[in-house]
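Structure, as structure tokens:
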Amino acid sequence: MENILILIFNSIIVSSVMCVNDRIQHNISLLRPRSFCLMCHHLLKWYDLVPFFSAIFTFAKCRYCHKRFGWRYPALELTCTLFGTILWYSSTLQWLMAVVLLFLSLEDCASQAIHSYLIIPLLLYAIHQHHDQSHIFLALLIGLIACYLVYIRHALGSGDIPVLLTLIFSTATLTFVLGLLMACCLAALFLALSSQKRLPFVPFLTVGWLLIGVLI
């Protein structure tokens, strides 16, 4: 029963984070009105908002205007809920990191800009928890490289720096290095397969960190 409650709790958190991001991207108040279809603006009932299952029962369509919103949204809900449940049993810091990174990743995908200050409290707490020599050395090295890419090469966004530093201090050094390597490989593959010249890097950092964290 406890496992089911934790799964439900994580699904609510994931759905809420995605909802908040949608409202911010569409310049909608976080308080009013209550949830509605972005295509027909019809107010949604509570049974239209059950994470993942509502999409299955409606075949990923709005029940009112019958326009498709696609399976990407519920698939992301389910995936993030599963990862959130796994991290819940692992570490409170990593679970909080995953929640913040989910929001920043969605924000980065939508506008290629993030509210990086949201991760600063986690960065300070992570530094307090892991300030040994190896973490500090890795943070200095990555910080210098990141500053070069941001301010000289203009190949990286300044918001990526606090994200990178928080990932360094919140995980083992080997996990971070492998996660960063995977993120870079996935980003390079994405650029090679798409016609885009720029990409949001935070989602790739998040995916690399999650996959390596779960595998190791």
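The values are calculated or read from the model by the stated rules, or taken from the named source; none is laboratory data. The structure displayed is predicted, hence computed values, not measured ones. With ideal geometry, Cβ positions are generated from the backbone for all residues, glycine too; neighbour counts draw on all protein chains shown. Quick note on the areas: whole protein, heavy atoms, side chains included, nothing else; ligands and nucleic acids left out. Shrake-Rupley method; radii C 1.70, N 1.55, O 1.52, S 1.80 Å.
Some points to look at:
- Residue in region 146-162 that is nearest to T206 (Cα to Cα), counting only those that are surrounded by 13 or more Cβ atoms within 10 Å (Cβ to Cβ) and out of contact with any helix residue (DSSP H, G or I) (no Cβ under 6 Å at 6 or more places or on another chain): D160
- Pairs with Cβ under 9 Å, 6+ apart, first in region 86-109 and assigned to a loop (DSSP other than H, G, I, E, B), second among the hydroxyl-bearing types (S, T, Y): S91/S170
- Condition met for T173 (over 18 Å from the mean Cα position of the chain (by Cα) and either modelled with pLDDT of 95 or more or open to solvent by less than 60 Å² (accessible area, probe 1.4 Å) (or both)): yes
- Contact map, region 135-164: first residue without any contact (Cβ under 8 Å) to a residue 40 or more places away in the chain, second residue not in a helix (DSSP H, G or I), Cβ cut-off under 6 Å, separation 6 or more or different chains; pairs are L149/A155; L149/L156; V150/L156; V150/S158.
- Extreme residue, farthest from T166 (Cα to Cα), among residues of region 112-126 that are assigned to a helix (DSSP H, G or I) and open to solvent by less than 60 Å² (accessible area, probe 1.4 Å): S116
- Scanning region 25-48 for residues that are part of a helix (DSSP H, G or I), closer than 15 Å to S15 by Cα and open to solvent by less than 100 Å² (accessible area, probe 1.4 Å) yields a single hit, D48.
- When region 90-111 is filtered for residues that are open to solvent by less than 30 Å² (accessible area, probe 1.4 Å) and modelled with pLDDT under 90, only L93 remains.
- If only residues of region 61-72 that are within 22 Å of the chain's Cα centre (by Cα) and either at pLDDT 85 or above or assigned to a loop (DSSP other than H, G, I, E, B) (or both) are counted, the one that is surrounded by the most Cβ atoms within 10 Å (Cβ to Cβ) is F69.
- Some residue of region 59-72 being under 28 Å from V214 (Cα atoms), touching a residue at least 24 places away in the same chain (Cβ under 8 Å) and aromatic (F, W, Y): no
- Of the criteria (1) surrounded by fewer than 21 Cβ atoms within 10 Å (Cβ to Cβ); (2) touching a residue at least 24 places away in the same chain (Cβ under 8 Å); (3) acidic (D, E), which one D132 fails: (2)
- Filtered residues of region 183-198 (kept if within 16 Å of the chain's Cα centre (by Cα) and open to solvent by 40 Å² or more (accessible area, probe 1.4 Å)): L186
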